[in-house]
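The values are calculated or read from the model by the stated rules, or taken from the named source; none is laboratory data. The shown structure was predicted, so the numbers you read here are calculated from the model rather than taken from an experiment. Note that each Cβ is placed from the backbone with ideal geometry, even for glycine, and that neighbours are counted across all protein chains shown. The area values use the complete protein model at the heavy-atom level, side chains included, leaving out ligands, DNA and RNA. Shrake-Rupley method; radii C 1.70, N 1.55, O 1.52, S 1.80 Å.
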Amino acid sequence: MKKHNIPNPDVSVFIKLLDRGFKLSVPADQEKYYREGYEHFMQRVKQHKSKTNGYDDIEAIGLTAIECMVALQRIREQMDGLVEAFQERIDKLDTAVTNAIES
C-alpha cells in the first residue's frame with residue numbers, strides 16, 4: 001500500500017519584539033506552540049522588567065532567552081535519563097523473555 005503524504009498547511013503567526021514585528025509561517029499543527037511560547041516568553045520579559053532593579057528591554061529579552069536555553073538543556077538531560085532508564089528496562093525484559101523461551 002502506498003502512503004500519501006498530505007502536506008501540512010502553514011499558518012501565519014505574528015511575533016513582536018521591541019519595535020519590530022515578524023510574521024512567521026509555521027506548520028498548522030505547531031501554531032499553538034509558537035503562540036503559547038511567545039506569550040510565555042513575553043510574560044517572563046515583563047517580569048524581568050518589573051523587578052526592583054528593573055532591566056531594560058534588551059536585558060530582559062536576553063535574560064529570558066538564556067532562561068529558555070537553560071530550561072531546554074535541563075529538559076534534554078532529563079529526557080536522556082528517562083530514555084536510558086527505559087532502555088535498561090527493555091534490556092532486562094528482553095533477557096527475561098529470552099531466558100523464559102530457552103527454559
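Overview of results
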{"quantity": "Sole residue being free of Cβ contacts under 8 Å to residues at least 24 places away in the same chain and either hydrophobic (A, V, I, L, M, F, W, C) or not in a helix (DSSP H, G or I) (or both), chosen from Val97, Val13", "calculated": "Val97"}
{"quantity": "Positions within the range 19-35 being assigned to a helix (DSSP H, G or I) and open to solvent by less than 60 Å² (accessible area, probe 1.4 Å), in sequence order", "calculated": "Ala28, Glu31"}
{"quantity": "Filter pass, Tyr38 being in contact (Cβ under 8 Å) with a residue 24 or more places away in the chain, among the aromatic types (Phe, Trp, Tyr) and surrounded by 10 or more Cβ atoms within 10 Å (Cβ to Cβ)", "calculated": "yes"}
{"quantity": "Odd one out for Glu77 among (1) within 20 Å of Glu36 (Cβ to Cβ); (2) open to solvent by 90 Å² or more (accessible area, probe 1.4 Å)", "calculated": "(1)"}
{"quantity": "Filtered residues of the range 44-61 (kept if in contact with a His (Cβ under 9 Å, 6 or more places away or on another chain) and open to solvent by less than 40 Å² (accessible area, probe 1.4 Å))", "calculated": "Gly54, Ala60, Ile61"}
{"quantity": "Test: residue in the range 84-91 that is in a helix (DSSP H, G or I), surrounded by 10 or more Cβ atoms within 10 Å (Cβ to Cβ) and touching a residue at least 12 places away in the same chain (Cβ under 8 Å)", "calculated": "no"}
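A quick yes/no check of all residues on (1) within 29 Å of Pro9 (Cβ to Cβ); (2) modelled with pLDDT of 95 or more:
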residue	(1), (2)
Glu31	yes, yes
Phe41	yes, yes
His48	no, no
Lys51	no, no
Tyr55	no, no
Ile66	no, yes
